[in-house]
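> Attaching a single structure in structure tokens format; questions to follow.
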Amino acid sequence: VQLQAFGGGLVQAGGFLRLSCAASGSIIRIEGMTWYRQAPGKQRELVATISNGGYTHYVDSVKGRFLISRDNAKNTVYLQMNSLKPEDTAVYYCNADIISGIYRRNYWGQGTQVTVSS
């Protein structure tokens, strides 16, 4: 099982980006899917999470600007990031709890860099 993230880049403040993260492999079910980010010199923080049933939670700093969604048929989670600010600059990581075979494990995708210029 692998997670692969796409969609990072360089954008001006006020702009938008859409991140995607697709899970592949022998997957029976994906439970929670989460986006984290880590800025230089800071700890990794949870940005947004979505349950298999669609329940969402956001860190306060992105509420009203970011939208997390998922397509269970495609085993993919998205993060629509609007009104981006320089403080959103970070490496963004996707994370998922995946049931494969008889095991439920937590997986991380590779990071994707998001840079917001002022």
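> What's the magnitude of the charge dipole for the stretch 20-118 around its Cα centre, counting Lys and Arg as +1 and Asp and Glu as -1 at the beta-carbon? Answer in Debye, nearest 20.
Magnitude of the dipole: close to 100 debye.
> Which of PHE66, MET81, ILE99 sits closest to the plus end of the dipole of the stretch 53-110, meaning its Cα is farthest towards the positive end, when Lys and Arg get +1 and Asp and Glu get -1 on the C-beta?
Value computed over the given set: ILE99.
> Cross-link partners among lysines for LYS42, C-alpha distance below 19 Å, same-chain residues fewer than 8 apart left out?
Counting by Cα, and skipping residues close in sequence, LYS42 has these lysines nearby: LYS85.
> Now for a separate question. Which of the lysines could be linked to LYS74 by a straight reach, that is with a Cα gap under 27 Å, when you skip same-chain ones fewer than 8 residues away?
By straight Cα distance, LYS74 reaches LYS63.
> Let me have the relative contact order for the chain, percent, based on Cα pairs under 8 Å that are six or more residues apart.
Contact order relative to length: 37 percent.
> A further question on this structure: Heavy atoms of the protein only, probe of 1.4 Å, neighbouring chains included. What is the accessible area of ASP71 in Å², nearest 10?
50 Å²
> Right, next: Work out, step by step, the length gained on full extension between GLN110 and ILE27: first 0.36 nm times the residue separation, then minus their alpha carbon distance; give nm to one decimal.
My answer for the length gained is 28.0 nm.
> Expressed as a fraction of 2.2 N^0.38 Å, the rule-of-thumb size for a compact globular protein of N residues, what is the C-alpha radius of gyration of the stretch 44-101?
This ratio for the stretch 44-101 stands at 1.20.
> Next up: For the chain, state the average projected area of the convex hull of the C-alpha atoms over all orientations, rounded to one decimal in nm².
Spelled out: convex hull of the Cα atoms, projected over all directions, averaged, 6.8 nm².
The values are calculated or read from the model by the stated rules, or taken from the named source; none is laboratory data. Because the structure is predicted, anything quoted here is derived from the model rather than measured. Cβ sites come from the backbone with ideal geometry, for glycine too, and all protein chains shown count toward neighbours. Side chains included, ligands, DNA and RNA excluded: accessible areas come from the protein's heavy atoms. Shrake-Rupley method; radii C 1.70, N 1.55, O 1.52, S 1.80 Å.
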